[in-house]
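One structure is given here, and the rest of the page talks about it.
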Amino acid sequence: MTQSITASRPIRIAGAGHVLLAVTYSGLGVFGLIKGDFPPVWDSVPANVPARLALVYLCAVLSLASGVGLLVPRAAALAARVLFACLLLWMLLFRLPQVILSPTFGVFWPAFVTAAVLAGAWTLYIHLADDWDRLRLGFLTGDKGLRIARAVYALALFFFGAAHFIDPHDTLTLEPAWLPWHVFWAYFFGCTFIAAGLAVLTNLFARVAAALTTLQLALFTCLVWVPMIAAGSKDAFVWSETILSAALTANAWVVADSYRALPWLAFPKRK
């Protein structure tokens, strides 16, 4: 008999990615409250949305409360549940309609960013789910839910990789000046994102792929955005992208943590 994914997972401690995710969502909330605009992850909402300003502060407070709640043992399951539910609702109400009505690269980007953070929040929710969640929402918190969350994450990785080929200019302009072979690295990391998405989707070397993707995102955050902040940049865009990049890294780490029960070079099992 094979061991189920959920049976071997830790119930309360989801790893370092859990802590990083909590810290980054707290940062998202603080950033949104200070800026008075949608924090990263929640941005790109149409200007004609009713009560838009109220929604701005709701997202900021939600992010801050979720981030703090994830660090409190008794509140962690509830915080993860609310965060996952809100991101899923955000995807259904704002991202998917925009993709359907205006399927352009500029619309796809925030949609797949939301998909990546939704997958991370879903994975963390599965780790932290309590008896109430498993009894009433077993289809979301069980093995099938984790497989779907990983598939959503894989689709986001496919898009991130394709973006390096569709619009390489943005990647090239962000690469550090001291780094040689800018064009090579832009396309190389596009390929690694696509390969990682394929690995996660097929469960072939998925643990290695998820770990390397986390490292790749962490390096991008540390080599591109952190130096700009360290240089004293007060550009809201730079701060926003730094926090967003940290959030993507944290979500990737959470997904990578979900493979801890599997061997590093695991092959998908034949049925």
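Bear in mind these aren't lab numbers, they're just calculated from the coordinates by the rules spelled out. In this text the structure is predicted, and so the values were computed from the model without any measurement. Cβ placement follows ideal geometry from the backbone for every residue including glycine, while neighbour counts extend to all protein chains displayed.
Overview of values
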{"quantity": "Approximate shape of the stretch 37-165 as ellipsoid semi-axes (Cα gyration tensor, √5λ), whole Å, largest first", "calculated": "25, 20, 12"}
{"quantity": "Mean projection area, nm², convex hull over Cα of the stretch 8-257", "calculated": "13.6 nm²"}
{"quantity": "Label-point separation, TRP132 to TRP185 (7 Å along Cα→Cβ), nm", "calculated": "4.7 nm"}
{"quantity": "Separation of the TRP264 and LEU223 label points, Cα + 7 Å toward Cβ, nm", "calculated": "2.1 nm"}
{"quantity": "Ordering of 59-65, 17-23 by burial proxy (mean other Cβ atoms within 10 Å per residue, highest first)", "calculated": "17-23, 59-65"}
